[in-house]
Structures are given as structure tokens and as C-alpha cells.
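Enquirer: Mind looking over this structure? Questions follow.
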Amino acid sequence: MAAPESLPLKTLRQSPLLSSAAIADGIFRLEFDWPGPAPKAGQFFMIKPERSSVFLPRPAGAESFGGGKLRFLIAVRGRGTRELAAMRPGESAGLSGPLGNCWEDFFPPENPGDGGSGGKAIALVAGGVGVASLSSLAASYPDREFDYYLGVRAAFKDHAGEAAFLGEAALHHRRLLVAAENSGAKHRGLITGFFDPVGYPAVFACGPEAMLREVAAKCREAAVPCRVSLERRMACGVGACLGCTVVTGKGNRRCCADGPIFKAEEFAFDEQQQ
Ligand code: FES
């Protein structure tokens, strides 16, 4: 029987983990064998280890895909992500996806001022593992230039540590500014304290909602188009359970099926319930 439109059949596979690398404190890059459909930049997967004590899978934005290998950045935040970080190569996880909308749906960004972002660099603002979604965007448009603004908890110890964290994102930027919250940081504080959208044709952001709210406010003030990818708890990932409902100026939307990317000006930051 065909699935109803609100319940799209998505690929669910037990996929072996090919590699796992700790790239910062509590942050891992996992690489899975993935013979399924290629994700578009900004899409996500639901993931759960085959042997797991948690009921629900965790959503994770795909960082990159190539040669049948699918990569994710995972930040350990609770039991589910701890189990993912503890996986060893050869063990399997259930992967469902690709899910959600994609950056392509918002690209090139509308900007009547320059006819659609012209040739100017676009700003990407990332909080922690949010860089994964944005680096997939940058990789999709190799003829465009991007400036990265990245916020992390602790400053990278050296260039190698920074390169390991950024992964392929290191290949696709014109400029990189990293802000960290610890005392050894060159730019100490939240990334929103260093980011200024003025002069950019558009801004794309992914990270914690508090960060997105500030980025969106700055963009609104500067009249710069802003698109945000949200990080939300999810259950089904396909729009069926309404567990990820977000409030927008156009009514309630499902983050997993209608998002996770929204126009910042349509997202009601003050009305969300997490
Ligand atoms: S997680 Fe079920 S509707 Fe989004």
C-alpha cells in the first residue's frame, strides 16, 4: 500500500560504521557506509545504534557524502549521542533519510539590492556542529565564496585541531573567524559578538536557537536576508508525530518535514516551546 503523502517512505538501513574520530572535546566525526540516496546540502538523517538503550533515534545533519560514505558531526549531549560516540567501526546503526528540506530551496537568496547575491561572498554562521550543514552548502556551490563565522566552546589548540574540526569546510571558505568561550581564545566570547551582517548579500546560519535568534535580529536590522537551520528534538523525523512543531508567521510547521531550514523573518523566535 502506498504511504500517505505526510508519511513519505524514507530509506531505513542498518549501516556499518566505517570510522569514528574525536575531533574536539565531546565532538565526533562518524563515517557510515551508505548505499542509499545522496542527501542534498542541509538535509538530515535519523540515527540510532543497532544496539541501543534509547527508544528514539537522534537527528543529525549530513556533513558530506561521497563514494558511498556518509559523514556526520555528533556532539555528545545525552544518552543517545553518547551511544553514537561510543560506536566502533564495524558496528551498525539504523539510518533513515535523507530527510527535510535543503539549502538549495533557498539558493540563491533573494536580494533585490544586488539581483540575487551577485558575486559577493555569503556569510555562514555556525554554532558548534552546525558547521556540518553549512559546509555541505558551501561544497554544493564551489564557484561561490563563503565567509565562515564559527562559535565553539574551547579554542582549537593548533591549526591541525581546527582543520580536523572543519573537515571539508576548510576547503570552501574565503575567510574564517572562530570565536571560543575559553580564556585561550583569540576571539573570546560568543560568535554573535563578532558577526556583523552588513555588506553581505545573505546569511545562512545553523546552531543553537539562542545563536540563531541573535543572528536573525542583526540581519533584520541590517536588512540582509537570513536563513536558519534549526536543531530540534525529533521522534519520527517524517512529519507524522508533530513532536517537532515550531511556530512561524505562517502558522505551525513541522521542523522535520517543513524544515529544518526556514526564512528567519518567518520564524517566530519569541513563540517557540522547546
Ligand atoms: S519528529 Fe515527528 S513530526 Fe517532526
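The values are calculated or read from the model by the stated rules, or taken from the named source; none is laboratory data. Keep in mind it's a predicted model, so treat the numbers as computed, not measured. Note: ideal-geometry Cβ built from the backbone for every residue, glycine included; neighbour counts use all protein chains shown. Accessible surface is based on the protein model in full, side chains and every heavy atom, while ligands, DNA and RNA are left aside. Shrake-Rupley method; radii C 1.70, N 1.55, O 1.52, S 1.80 Å.
Enquirer: Could you work out the relative contact order of the chain? I mean the mean sequence separation of Cα pairs under 8 Å and 6+ apart, divided by the number of residues, in percent.
Expert: After rounding, I find 17 percent.
Enquirer: Determine the dipole magnitude for the range 11-99: charges of +1 sit on the beta-carbon of Lys and Arg, -1 on that of Asp and Glu, nothing else is charged, the reference point is the Cα centre, and the result goes in debye to the nearest 20.
Expert: 160
Enquirer: Going Cα to Cα from residue 120, which aspartates and glutamates come in below 19 Å? Please leave out same-chain ones fewer than 8 positions away.
Expert: 104, 110, 143, 145, 147, 196
Enquirer: May I ask you to derive the FRET efficiency for residue 157 and residue 198 from their Cβ-Cβ distance with R0 = 45 Å, giving the value to the nearest 0.05?
Expert: The calculated FRET efficiency here is 0.90.
Enquirer: If you don't mind, another one. For residue 176 and residue 33, calculate 0.36 nm times their separation in residues minus their Cα-Cα distance, and state this gained length in nm to one decimal.
Expert: Extra length from residue 176 to residue 33 when fully extended: 48.4 nm.
Enquirer: Would you work out the Kirkwood radius for the range 117-274? I mean one over the mean of 1/r across all pairs of different Cα atoms, in Å. The partial results should precede the final answer.
Expert: Details: mean 1/r = 0.0618 Å⁻¹.
Computed over the range 117-274, the radius equals 16.2 Å.
Enquirer: Starting from the 7 Å offset along Cα-to-Cβ, what nm value, one decimal, do you get for the label separation of residue 21 and residue 245?
Expert: According to this spin-label approximation, the distance is 4.3 nm.
Enquirer: Taking residue 186 as the anchor, which aspartates and glutamates have their alpha carbon closer than 17 Å to its alpha carbon, excluding any fewer than eight residues away along the same chain?
Expert: Excluding near neighbours in sequence, the set is 158, 162.
Enquirer: Computed FRET efficiency, Cβ-Cβ of residue 54 and residue 186, R0 41 Å: what is it to the nearest 0.05?
Expert: So, using R0 = 41 Å, E works out to roughly 0.60.
Enquirer: Can you pull the percent of the chain's accessible area that's carbon plus sulfur, 1.4 Å probe, other chains left in place?
Expert: With neighbouring chains kept in place, the figure for the chain is 51 percent.
Enquirer: For the chain, which cysteines have no disulfide-compatible partner, meaning no other cysteine Cβ under 4.7 Å?
Expert: 102, 206, 256
Enquirer: Can you give the accessible area per residue of the chain, in Å², using a 1.4 Å probe?
Expert: With the other protein chains kept in place, the chain gives 48 Å² per residue.
Enquirer: Within 10 Å, count the other beta carbons around each residue, average over each peptide in 236-242, 265-271, 47-53, 122-128, and list them highest first.
Expert: 122-128, 236-242, 47-53, 265-271
Enquirer: OK, next. Calculate for the chain the 222 nm mean residue ellipticity that helices alone would give, adding -39,500 (n - 2.57) per DSSP H run of length 4 or more and normalising by residue count, nearest 500 deg cm²/dmol.
Expert: The helix contribution divided over the chain gives -4500 deg cm²/dmol.
Enquirer: Moving on. Calculate how many DSSP beta bridges within the chain are antiparallel, expressed in % of all such bridges and rounded to the nearest 5.
Expert: Close to 65 percent.
Enquirer: Shifting gears a bit: Largest first, what is the accessible-area ranking of 250, 263, 120 with a 1.4 Å probe?
Expert: Result of the area sort, largest leading: 250, 120, 263.
Enquirer: Output needed: percent of Cα pairs per 10 Å distance bin for the chain, bins running from 0 to the one holding the longest distance.
Expert: Going out from 0 Å in 10 Å bins, the chain shows 7, 30, 37, 22, 4, 0 percent.
Enquirer: Once you have the alpha carbon radius of gyration of the range 62-193, what is it after dividing by 2.2 N^0.38 Å, with N set to its residue count?
Expert: Ratio of Cα Rg to 2.2 N^0.38 Å: 1.17.
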